[in-house]
Amino acid sequence: MNSYDHYSQARELAELLARDGTAALSEEVLDAMVIGSTGTEIFMLLRVAVKKSLAQPNLSSDAIQLAQALLTHLEKSLQ
């Protein structure tokens, strides 16, 4: 069983994104967990938001590391 908690990691990423000045992306990450109607849909929305966040300049190293790890786990789960 996979013990990685995608949702808590996504919430943590949203906090880091907000701190790094990317409030819109922070909201997009949080919204994905609200507007998605199935786990797969939520993961797909999260994947899009995380990829967008990784394309942002000036993210903290903590945000980058968390986003990369979350993206890896999301893609693994969506296979």
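Each reported figure results from applying straightforward, stated rules to the coordinates on display, with no laboratory input. Everything quoted here is computed from the prediction, not taken from an experiment. Cβ placement follows ideal geometry from the backbone for every residue including glycine, while neighbour counts extend to all protein chains displayed.
Below is a table of values for the structure above.
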{"read-out": "Selection from the stretch 24-37 of residues that are over 11 Å from the mean Cα position of the chain (by Cα) and in a helix (DSSP H, G or I)", "value": "Ala24, Val34, Ile35"}
{"read-out": "Single residue of the stretch 1-20 satisfying the filter (under 12 Å from the mean Cα position of the chain (by Cα) and among the polar types (S, T, N, Q)) that is surrounded by the fewest Cβ atoms within 10 Å (Cβ to Cβ)", "value": "Ser8"}
{"read-out": "Of all residues making up the stretch 21-51, the number that are buried (at least 19 other Cβ atoms within 10 Å of the Cβ) and among the charged types (D, E, K, R)", "value": "1"}
{"read-out": "Filter result for Glu75 (surrounded by 18 or more Cβ atoms within 10 Å (Cβ to Cβ) and either in a helix (DSSP H, G or I) or touching a residue at least 40 places away in the same chain (Cβ under 8 Å) (or both))", "value": "no"}
{"read-out": "Where Gly21 falls short, out of the listed (1) assigned to a helix (DSSP H, G or I); (2) without any contact (Cβ under 8 Å) to a residue 40 or more places away in the chain; (3) out of contact with any Phe, Trp or Tyr (no Cβ under 8 Å at 6 or more places or on another chain)", "value": "(1)"}
